[in-house]
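The values are calculated or read from the model by the stated rules, or taken from the named source; none is laboratory data. Quick caveat, the model's predicted, so the values are computed rather than measured. Cβ coordinates were reconstructed from backbone atoms using ideal geometry, including for glycine residues, and neighbour counts include every protein chain displayed. Remember, those area values only see protein heavy atoms, side chains included, never the ligands or the DNA or RNA. Shrake-Rupley method; radii C 1.70, N 1.55, O 1.52, S 1.80 Å.
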Amino acid sequence: MTQELLFWGVALIAAAALLLVIEVFVPSGGIIAIVSAVVAIAGVVSLFRYDATWGMIGVLSVMVIAPLVLGFGLKVWPNTPIGRAMMHGPGGEEAEQRRVEQERLASAEADALIGAEGEALTDLHPSGTVRVDGTRHDALSDGAWIDRGATIVVVGRSLNDLRVRAKA
């Protein structure tokens, strides 16, 4: 009978840890976490009924395991489908589609500026800021350094920057 208390105490504490991990992935409003706490308490009580030393080991185990599992859960939870939905709201896929569409439009606008003239707002050694069609843009000099105030021509783009040359 007494060996059974040891077995059940350890098994209940392990089950409590498993329930905490499940709480991360299953939206229960904290019900699984409460059940986990009750199971952990039952495991500690079983260990105390077996022996006071084992009871203290159980208490210390719960005090170490619970924060570790909760920390793991907080680290993993935002990467789960439920975590993403709760953090980014409903329509996470729609928001992603909007973001991709905005990037595509920005890319098309930058491509449309190729050949346009503008002014260097800062020295481009080799990067700086230019104004093209009344809008400020980050730019990279596509050759020699360009001084502030010089007239520039957009010759291309790279990622989020315009590539420019001084107008000859």
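A few remarks follow.
- Thr122 being farther than 30 Å from Leu12 by Cα and open to solvent by 60 Å² or more (accessible area, probe 1.4 Å): no
- Selection from segment 125-163 of residues that are surrounded by 15 or more Cβ atoms within 10 Å (Cβ to Cβ), acidic (Asp, Glu) and without any contact (Cβ under 8 Å) to a residue 24 or more places away in the chain: Asp142
- Residue ID - modelled with the lowest pLDDT, chosen from residues in segment 22-36 that are closer than 13 Å to Val69 by Cα and crowded, with 16+ Cβ neighbours inside 10 Å: Val24
- Looking at Val10, Val100, just one residue is of a type outside the set (Asp, Glu) and either in contact with a strand residue (DSSP E or B) (Cβ under 7 Å, 6 or more places away or on another chain) or farther than 30 Å from Leu159 by Cβ (or both), and that residue is Val10.
- Restricted to strands (runs of 3 or more DSSP E) entirely inside segment 121-168, those with at least 1 residues that are more than 33 Å from the chain's Cα centre (by Cα) and among the hydrophobic types (A, V, I, L, M, F, W, C) are 127-132, 151-158, 161-166.
- Whenever a residue of segment 9-38 is more than 12 Å from Val62 (Cα to Cα) and in a loop (DSSP other than H, G, I, E, B), its partners that are open to solvent by less than 50 Å² (accessible area, probe 1.4 Å) and not acidic (Asp, Glu), lying with C-beta atoms within less than 8 angstrom and at least six residues away or across chains, give the pairs Val26/Ile32.
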